[in-house]
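The structure under discussion appears below in the form of structure tokens.
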Amino acid sequence: MPIIRVDTGVITQINVFTVPEGGQQALIDLLREAAMGCRGIPGWMSASLHRSLDGTRVVNYAQARDQAAMQRVFEHLRSNGYEVALTVE
């Protein structure tokens, strides 16, 4: 389970996806596949997937040790055909 704390340097990315009816499991499967592919990347920490009870949303919490590690994760995902965007807030 991810732990979110300030001033640790850990990057936490929180994504909320809205899916059409019946699309929740397919997105979870895709996100799980992407996360499993990141396991060997230096600095990768974790991903947690959550589904809404109404079947219309998926939330993904992903963590990396620092900004450089998250960038490596994004580069890996892009090179494997995943569409990735970075927004820092």
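The values are calculated or read from the model by the stated rules, or taken from the named source; none is laboratory data. Predicted, not measured: the structure shown is a model, and the values here were computed from it. Positions of Cβ are backbone-derived with ideal geometry, glycine not excepted, and every protein chain shown enters the neighbour counts.
A few notes on this one:
- Just so you know, in region 55-87 the residues that are polar (S, T, N, Q) and farther than 19 Å from I4 by Cβ include one that is modelled with the lowest pLDDT, and it is N80.
- Within region 57-66, the set of residues being surrounded by fewer than 15 Cβ atoms within 10 Å (Cβ to Cβ) and either touching a Gly at 6+ places or on another chain (Cβ under 8 Å) or farther than 21 Å from E83 by Cβ (or both) comprises D66 only.
- If the condition is being farther than 11 Å from V73 by Cβ and touching a helix residue (DSSP H, G or I) at 6+ places or on another chain (Cβ under 7 Å), then region 18-46 contributes only V19.
- Pairs where the first residue, in region 21-33, is loosely packed, with under 12 Cβ neighbours inside 10 Å and the second is of a type outside the set (V, I, T), C-beta under 7 Å, 6+ apart: E21/G55
- Region 70-85 - residue that is touching a helix residue (DSSP H, G or I) at 6+ places or on another chain (Cβ under 8 Å) and either assigned to a loop (DSSP other than H, G, I, E, B) or free of Cβ contacts under 8 Å to residues at least 40 places away in the same chain (or both) and, of those, surrounded by the most Cβ atoms within 10 Å (Cβ to Cβ): H76
- Identity of the residue in region 29-69, assigned to a strand (DSSP E or B) and of a type in the set (V, I, T), that ends up nearest to G9 (Cα to Cα): V59
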